[in-house]
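The values are calculated or read from the model by the stated rules, or taken from the named source; none is laboratory data. It should be emphasised that the depicted structure is a prediction, and the values quoted were computed from it without experimental measurement. Because the Cβ atoms are built from the backbone with ideal geometry, glycine has one as well, and the counts that use them run over all protein chains shown.
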Amino acid sequence: MINYFCIAALLLSSATYSSATYATNPLTIVTEDWPPFQFAEGERITGMATEVVEAVLQEAQLQGEIAMYPWARAYNLALRDKNTAIYSLARTNEREHHFLWIGEVAPYKIHLWKLRKRRDIVINTLEDAKRYKMGGVYKDVKTEYLIANHGFRTGQHIYIVHQDMLNLKMLLGGRIDYFPHGEVDMKAKLRQLGVSLDEVEQVYTFNEGPLSKDLYLALNIESDQALAKKLTRALEKVRQNGTYERIRKKYLKEE
């Protein structure tokens with residue numbers, strides 16, 4: 001189990017910000033443990049999306065602290081606290097008016113995964129998926145999307161846990177039939193467990209909706225507008241000057 005902690009993501013002595021409100025409410029950035037997008041490595045938080053966020057802070061000449069929590073807590077903090085940013089966040093209709101959306105920080109596409117040896121599991125549609133037991137995560141967009149848009153129910157179709165790593169372990173142990181996850185992060189989790197990708201396979205792919213879109217950096221809706229604009233401009237610059245693509249290729253070179 002990861003030891004959740006906070007670290008200073010970037011401290012720039014030249015960083016300035018004119019808002020008096022911002023001076024008393026410095027920027028906090030919250031996230032969860034989700035390799036390879038963000039994860040703890042010794043005493044620091046790193047990962048594909050983390051490096052993009054750090055590049056944004058550097059470009060904007062802002063100070064920021066990254067705090068890693070279980071997802072539900074990170075999400076609630078970003079909903080509650082002014083000048084709090086969150087990544088890596090899927091952009092959905094339900095979330096649209098709760099955040100200021102800064103921009104995309106990581107690629108993302110979701111599949112349903114099962115054990116390769118389970119030939120009895122056949123899923124061609126989401127209605128087919130309801131015949132089997134799915135692993136879900138509390139307050140996670142994948143679980144919430146299936147409940148809100150496709151009639152899935154906790155207890156009946158979905159077994160809820162607090163981390164997708166637990167879902168992978170339950171899948172490997174035969175306690176669930178499948179669970180939704182991205183390919184990049186599935187490979188990372190399997191490597192952590194020392195398990196071959198050949199043990200699992202994709203049985204369904206989402207080609208529309210929030211489960212087929214990139215992941216975002218977003219800011220609490222009550223945050224200073226000037227701060228939001230500064231972060232947005234910085235992220236646009238990071239994507240335009242090749243930094244984003246360089247970071248993406250660094251983490252996806254083996255995928």
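For this structure, a couple of remarks:
- Just one of the listed residues (Tyr75, Tyr132) is under 15 Å from Asn220 (Cβ atoms) and buried (at least 18 other Cβ atoms within 10 Å of the Cβ), namely Tyr75.
- Scanning segment 101-110 turns up no residue that is modelled with pLDDT of 95 or more and over 16 Å from the mean Cα position of the chain (by Cα).
- Summed over segment 163-182, the residues that are assigned to a helix (DSSP H, G or I) and among the aromatic types (Phe, Trp, Tyr) give a count of 0.
- Of everything listed in (1) within 20 Å of the chain's Cα centre (by Cα); (2) on the phi > 0 side of the Ramachandran plot, the single unmet condition for Gly242 is (1).
- If you go through segment 183-211 and keep only what is exposed (fewer than 14 other Cβ atoms within 10 Å of the Cβ) and assigned to a loop (DSSP other than H, G, I, E, B), you end up with Gly194, Ser196, Asn207, Glu208.
- The criterion of at least 1 residues that are among the β-branched types (Val, Ile, Thr) is met, among strands (runs of 3 or more DSSP E) falling completely within segment 16-125, by 28-31, 44-46, 64-68, 84-90, 99-106, 110-115.
Yes or no, residue by residue, for (1) over 30 Å from Val122 (Cα atoms); (2) of a type outside the set (Asp, Glu); (3) modelled with pLDDT of 95 or more; (4) touching a His at 6+ places or on another chain (Cβ under 8 Å):
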{"site": "Gln192", "(1), (2), (3), (4)": "no, yes, no, no"}
{"site": "Ser196", "(1), (2), (3), (4)": "no, yes, yes, no"}
{"site": "Glu199", "(1), (2), (3), (4)": "no, no, yes, no"}
{"site": "Tyr204", "(1), (2), (3), (4)": "no, yes, yes, yes"}
{"site": "Leu217", "(1), (2), (3), (4)": "yes, yes, yes, no"}
{"site": "Lys229", "(1), (2), (3), (4)": "yes, yes, yes, no"}
{"site": "Glu236", "(1), (2), (3), (4)": "yes, no, yes, no"}
{"site": "Thr243", "(1), (2), (3), (4)": "yes, yes, yes, no"}
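- Cross-chain or 6+ apart pairs with Cβ under 7 Å, segment 73-93 first and farther than 22 Å from Ile45 by Cα, then at pLDDT below 95 and part of a helix (DSSP H, G or I): Arg91/Pro210; Thr92/Val141; Thr92/Tyr145; Thr92/Pro210
- Selection from segment 98-115 of residues that are of a type outside the set (Ser, Thr, Tyr) and more than 20 Å from Lys230 (Cα to Cα): Pro107, Lys109, Ile110, His111, Leu112, Trp113, Lys114, Leu115
- The residue pairs whose first member lies in segment 165-181 and is within 17 Å of Leu197 (Cβ to Cβ) and not assigned by TED's automatic domain parsing to the domain that holds Val141, whose second member is surrounded by fewer than 23 Cβ atoms within 10 Å (Cβ to Cβ) and not small (Gly, Ala, Ser), and whose beta carbons are closer than 8 Å, counting only pairs six or more residues apart or on different chains, do not exist in this structure.
- In segment 104-130, the residues that are more than 20 Å from Ile158 (Cβ to Cβ) form Cβ pairs under 7 Å with partners that are in a loop (DSSP other than H, G, I, E, B), at six or more places apart or across chains, as follows: Glu104/Asp214; Ala106/Phe37; Ala106/Asp214; Pro107/Asp214; Tyr108/Lys213; Tyr108/Asp214.
- Inside segment 143-201, residues that are among the polar types (S, T, N, Q) and over 21 Å from the mean Cα position of the chain (by Cα) make up a count of 3.
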